[in-house]
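In what follows, a single structure is set out as structure tokens and then discussed.
The values are calculated or read from the model by the stated rules, or taken from the named source; none is laboratory data. Here the structure is a predicted model, which means the values were calculated and not measured. Methodologically, a virtual Cβ is constructed for each residue, glycine included, from the backbone with ideal geometry; neighbour enumeration extends over all protein chains shown.
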Amino acid sequence: MTYNKLNRTIHNGLSIFIAMPILLLIVSGLFLQLKKDFIWIQPPSVRGENVATPIVSHEELLAAATSAPQTAGLKWSEFDRIDYKVDRGMVKFMTFEGWEVQVDTTTGDILSVAERRSDFFEKLHDGSYFGDTVKYYVVLPCAVSLFVLWITGIWMFFYPYVKKASNKRKKALKAALQKS
């Protein structure tokens, strides 16, 4: 089997194997690329009243965040993430279920309560949504396979040009030898 035939066989075989997982990566990546452009994917960060040092205590921030029906009764440890956005004068409380509550650090008022889907798309994109088994035994091999596809595809693209240049050199060398 020639190198070029082996190259095409590898390229075609890997393509079939990773088609569906790569489609999932592409679609979730498109959503992540547009997350700041569509409120449906990720709510915009609302600016608080003042961007100075927070005035409201941690207890008051938690009380404000848990006054929303989606986060009622949650404790500090029951939030997925809590992001202080000092430059915006607010704190984002994010739940494991995908809700985001933004609280003003000056007044303690709720600025926004919205569903945050970007975390779901991130988990789909890296495969962790399906668990570590899929993440490491499906998504990671697909990433390696995609790299191999890239290499074999580059070779298939440039090989005709390399072959054509080689044939020209051989033809020129043959013509030079016949003249002498």
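Structure notes:
- When each of Lys163, Lys85 is tested for being among the basic types (Lys, Arg), closer than 30 Å to Arg47 by Cβ and free of Cβ contacts under 8 Å to residues at least 60 places away in the same chain, the lone residue that passes is Lys85.
- Condition check for Ala72: farther than 30 Å from Tyr137 by Cβ, of a type in the set (Gly, Ala, Ser) and free of Cβ contacts under 8 Å to residues at least 24 places away in the same chain: yes
- Test set (1) outside any loop (DSSP other than H, G, I, E, B); (2) free of Cβ contacts under 8 Å to residues at least 24 places away in the same chain; (3) surrounded by 13 or more Cβ atoms within 10 Å (Cβ to Cβ) - Gly29 fails condition number: (2)
- Here is the figure for segment 37-52: residues that are free of Cβ contacts under 8 Å to residues at least 60 places away in the same chain and farther than 18 Å from Tyr84 by Cα total 2.
- Segment 122-142, subset touching a helix residue (DSSP H, G or I) at 6+ places or on another chain (Cβ under 7 Å) and of a type in the set (Asp, Glu), residue surrounded by the fewest Cβ atoms within 10 Å (Cβ to Cβ): Asp126
- The set of residues in segment 95-140 that are touching a residue at least 40 places away in the same chain (Cβ under 8 Å) and in a helix (DSSP H, G or I) comprises Ser118, Phe121, Glu122, Leu124, His125, Val138, Val139.
- Any hit, segment 35-50, residues being in contact with a Cys (Cβ under 6 Å, 6 or more places away or on another chain) and surrounded by 14 or more Cβ atoms within 10 Å (Cβ to Cβ): no
- Note on segment 45-60: residues that are touching a Ser or Thr at 6+ places or on another chain (Cβ under 8 Å), modelled with pLDDT of 85 or more and under 23 Å from Arg117 (Cα atoms) amount to 1.
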